[in-house]
Amino acid sequence: MDHASQVRIIEELLAFEEQRTTDMAGQDHEYHNPVSVYTDPSRFEAEVDRIWYRTPLAVGHVGEFPRAGSFKTLSVGKVPLLVVRGKDDRIRAFVNVCRHRGTLLAEEPEGRANAFACPYHAWTYGQDGALRHVPDDFGFPAVASAKDDYGLRELWCREHAGFVYVQADGNAPRRPLGDWLAEVGTDLRDLGLDDFVCLDASRAPHPVNWKLPFDIFLENYHTKFTHRKTIYPVFLSNVAKFDHFGPHIRCVLPRREITELRHIDRSKWDLVEQSTILYVVWPNTMIAVLPEHAAVWHVYPDGVGHCTLHFYALLARRLHESEAEQETWKKSLKVVQKVKREDAERFLSIQRGLESGANAALTFGRYEKAISWFHQSIEEALTRDH
Ligand code: FES
Ligand SMILES: [Fe+2]
């Protein structure tokens with residue numbers, strides 16, 4: 001983000017803090033989100049079909065693929081994916097299914113492999129997806145003479161600003177990735193996250209609809225209550241600046257010390273130093289940017305009431321290599337884990353609340369407008385002519 005934009009946002013935040021208010025521009029009323037949005041199985045099917053298969057999804061960070069053969073597996077709806085770095089350094093995505101009789105190929109969540117041998121009859125594929133070996137291939141004369149036709153099904157896959165994007169339906173996205181990501185893509189590029197180190201990776205299944213983790217993150221109205229002992233002492237509660245760029249969202253959540261900038265020359269203002277900037281790379285990724293750190297969540301739907309959260313932290317290489325600062329960043333990552341647990345408690349509880357029948361709709365306040373944006377983008381994608 002250029003410095004002029006940082007200054008503009010900081011000025012707005014300082015004004016909000018002074019006037020004891022926050023960003024509600026453009027949102028004059030509450031937004032009512034029907035509970036069926038989270039619980040209706042046919043709605044869920046439509047989301048998978050119209051959004052998850054047809055949108056470029058961020059599925060990982062380049063730091064997860066340090067060498068040729070580094071790979072990761074995951075599932076988008078019914079499509080199992082294998083994402084792997086090749087000898088030519090390119091990261092590719094394939095449908096993780098053997099071309100012989102359809103067994104799932106790589107079974108581990110991540111690892112490194114020179115080649116991928118199917119567990120059933122050992123048809124073996126290279127890191128580039130090409131079929132390399134068929135045991136006793138005299139039984140498959142046509143396959144043996146046309147191995148090129150039996151490589152793994154390759155999917156559209158690109159890197160952008162350190163993140164790996166895949167589209168699961170086998171097509172290229174309608175728009176070039178940079179255009180699609182808009183200003184969020186530019187911000188991520190400016191942050192230089194591509195050279196960060198990936199740490200603390202985990203995958204956790206949760207019995208909640210995939211949209212709830214986003215609802216939980218997209219406001220700081222809850223900071224004072226849910227995170228009273230963890231981040232409330234450091235961050236302002238319910239003072240924020242929200243923007244959206246197409247369906248992607250940026251929330252700037254200021255630290256208390258931002259108020260000290262009133263006495264410091266504008267040329268020295270730095271937004272990253274004074275806030276957490278939370279990006280939603282719609283529809284499946286949240287990136288919380290802190291000074292020299294980031295926390296990343298990729299969310300995947302497993303069913304109307306189930307999702308899996310892939311989490312990892314990113315750390316600036318300089319910080320990671322600094323002996324002196326090790327204790328500080330380890331402590332800071334511990335706080336991230338604690339906050340993560342506090343938020344998870346809330347979304348697990350909300351899912352139970354949704355299923356109780358107590359509410360026909362959830363109510364988002366004016367300063368919860370980023371949650372409304374997130375849901376409106378889903379609504380638009382479901383109603384758009386494809
Ligand atoms: S199904 Fe993979 S080798 Fe037979
Ligand atoms: Fe939270």
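The values are calculated or read from the model by the stated rules, or taken from the named source; none is laboratory data. As the structure is a prediction and not an experimental result, all values here were calculated from the model. In this analysis, Cβ positions are derived from the backbone assuming ideal geometry, glycine residues included, and neighbour counts consider all displayed protein chains. Just so you know, the surface numbers come from the protein's heavy atoms only, side chains and all, with ligands and any DNA or RNA stripped out. Shrake-Rupley method; radii C 1.70, N 1.55, O 1.52, S 1.80 Å.
For Glu273 paired with Arg352, estimate the spin-label separation in nm (one decimal), with each label point 7 Å from Cα along the Cα-to-Cβ line. It works out to 4.5 nm between the two label points. Among the cysteines of the chain, those with no neighbouring cysteine Cβ under 4.7 Å are Cys157, Cys198, Cys251, Cys307.
Tell me, what is the FRET efficiency for Ala15 and His100 to the nearest 0.05, using R0 = 51 angstrom and their Cβ-Cβ distance as r? Efficiency, from the Cβ-Cβ distance: 0.20. Counting protein heavy atoms only, the range 57-167 has 48 percent of its accessible area on carbon and sulfur, 1.4 angstrom probe.
Over the chain, what is the mean sequence separation of C-alpha contacts under 8 Å (at least six apart), divided by residue count, expressed as relative contact order in percent? Show your work: numbers first, answer last.
Details: 719 pairs, mean separation 84.9, N = 386.
Relative contact order of the chain: 22 percent.
The amide H of His61, built 1.01 Å from its N in the peptide plane, has Val164 as neighbours under 5 Å, considering only residues 5 or more places off or on other chains.
In sequence order, the range 39-55 has phi-based couplings of 10, 7, x, 6, 4, 4, 4, 5, 4, 4, 5, 8, 10, 5, 7, 10, 10 Hz under the Karplus curve 6.51 cos²θ - 1.76 cosθ + 1.60, θ = phi - 60°, and Gly or Pro positions carry x.
Counting only protein heavy atoms and a 1.4 Å probe, the range 149-239 has 45 square angstrom of accessible area per residue.
Between Ala182 and His320, the simple spin-label model (points 7 angstrom out along Cα→Cβ) gives 3.2 nm. Of the cross-linked pairs Lys224/Lys338; Lys211/Lys241; Lys268/Lys338, those separated by over 26 Å at the C-alpha level are Lys268/Lys338. Computed from the Cβ-Cβ distance with R0 of 22 Å, the FRET efficiency linking Lys224 to His306 stands at 0.10. Kindly provide the helix-only [θ] at 222 nm of the chain, computed as the sum of -39,500 (n - 2.57) over DSSP H runs of four or more divided by all residues, to the nearest 500 deg cm²/dmol? Per the formula, -8500 deg cm²/dmol.
Distance between the modelled labels on Ser145 and Thr259, one decimal in nanometres: 8.1 nm (7 Å Cα→Cβ projection).
Quick one: compute a quarter of the convex hull surface over the Cα atoms of the chain and quote it in nm².
Working: hull surface 85.1 nm².
Mean shadow area of the hull around the Cα atoms is 21.3 nm².
The spacing between the range 153-210 and the range 10-34, judged by their C-alpha centroids, is 29 Å. Among the helices of the chain, those built from whole DSSP H runs whose Cα atoms reach 20 Å or more along their own axis and whose mean Kyte-Doolittle hydropathy is at least -1.0 are 3-19, 369-383.
Leaving out ligands, DNA and RNA, what percent of the accessible area of the range 198-343 is carbon and sulfur, probe 1.4 Å? Write out the running numbers ahead of the final one.
Details: 3190 of 6020 Å².
The computed percentage sits at 53.
Over the range 322-386, with the other protein chains present, what is the accessible area per residue in square angstrom, probe 1.4 angstrom? Walk me through the intermediate numbers first.
Values: 3910 Å² over 65 residues.
Ligands and nucleic acids excluded, the result is 60 Å² per residue.
Quick one: if the Förster radius is 41 Å, what FRET efficiency do Val7 and Arg90 give, using the C-beta to C-beta distance and rounding to 0.05? Computed FRET efficiency for Val7 and Arg90: 0.55. Run the paramagnetic zone check for Thr39: 7 angstrom along Cα to Cβ, then residues of the range 291-311 with backbone nitrogen under 13 Å. Taking a point 7 Å out along Cα→Cβ of Thr39, the residues of the range 291-311 whose backbone N falls under 13 Å are 305.
3J(HN,Hα) along the range 280-287, derived from phi through the Karplus expression 6.51 cos²θ - 1.76 cosθ + 1.60 where θ = phi - 60°, amounts to 9, 8, 5, x, 10, 10, 10, 10 Hz, with x in place of Gly and Pro. Look at the alpha carbon pairs under 8 Å that are at least 6 residues apart: their mean separation over the length of the range 133-237 gives a relative contact order of 15 percent.
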